[in-house]
1. Work out how much length PHE124 to THR34 would gain on full extension: take 0.36 nm times their residue separation and subtract the Cα-Cα distance, in nm to one decimal.
2. Quick one: P(r) of the chain from all Cα-Cα pairs, 10 Å bins, percents rounded to integers, in order of increasing distance.
3. For the ranges 118-124, 85-91, what's the packing order if you count other beta-carbon atoms within 10 Å of each residue, average per peptide, and put the highest first?
4. When the chain is fully extended, how far beyond the present Cα-Cα distance does ASP99 get from SER22, taking 0.36 nm per residue of separation?
5. Contact order normalised by length for the range 27-130, with contacts defined as Cα pairs under 8 Å and 6 or more residues apart; what percent is it?
6. Separation of the range 1-46 and the range 53-130 by C-alpha centroid, Å?
7. Any idea how far apart ASN45 and ILE3 come out in nm if each label point goes 7 Å out from Cα toward Cβ?
8. Expressed as a whole percentage, what fraction of the accessible surface of the range 21-130 belongs to carbon and sulfur atoms when a 1.4 Å probe is rolled over the protein heavy atoms?
Amino acid sequence: MDISRLLEEAQGAKAKAYAPYSGFHVGAALLTGTNRVFTGCNIENASFGLTVCAERVAVYNAVSSGEKDFQALAVIGDGEDYCRPCGACRQVLAEFGGDILIIMANKEKQYEVKPIFELLPEGFNFNLKF
Ligand code: THU
């Protein structure tokens, strides 16, 4: 896996962020099992609760293009700290497998990598028995 390429894609997506309220720009790039890359940026709204994070936009972009098998997601923010997915995004990513590697980067493209199962231990699992 080419982490630097994935970070480049995430940085490119970050440039498209719509974040007039927080001023915090985020980009994400999701690598599929077939080595395709889908990107996303955060999209804010005047009704703040409608804001969507870059990670979820990348996942929804990929799934709506027919992809559900993911190897890794890189996320990059504007900050000096590594950009870590929020709880909602962790749940959405974990939907597609616990082994997805999450590459969390700061604005200098320094990063840390963890599998999603470590970022969301004991997440919700819809396994009702009928
Ligand atoms: N944000 C993301 O897009 N991804 C994250 O991992 C953390 C937060 C966005 C949401 C909002 O537009 C801005 O960053 C500030 O919270």
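The values are calculated or read from the model by the stated rules, or taken from the named source; none is laboratory data. This is a predicted model, so every value here is computed, not measured. No Cβ is skipped: glycine too gets one built from the backbone with ideal geometry, and neighbour counts run over all protein chains shown. When the accessible area is computed, the model is the full protein with side chains, heavy atoms only, and any ligands, DNA or RNA have been set aside. Shrake-Rupley method; radii C 1.70, N 1.55, O 1.52, S 1.80 Å.
1. On the way: separation 90, 0.36 × 90 = 32.40 nm, distance 2.73 nm.
Value of the extension gain: 29.7 nm.
2. In whole percents, the pair-distance histogram is 14, 47, 32, 7, 1.
3. 85-91, 118-124
4. Working: separation 77, 0.36 × 77 = 27.72 nm, distance 3.12 nm.
Answer, rounded to one decimal: 24.6 nm.
5. Working: 196 pairs, mean separation 23.3, N = 104.
The normalised contact order for the range 27-130 reaches 22 percent.
6. Here the answer is 12 Å between Cα centres.
7. A separation of 3.5 nm, rounded to one decimal place.
8. Values: 3180 of 6060 Å².
So the carbon and sulfur contribution to the accessible surface is 52 percent.
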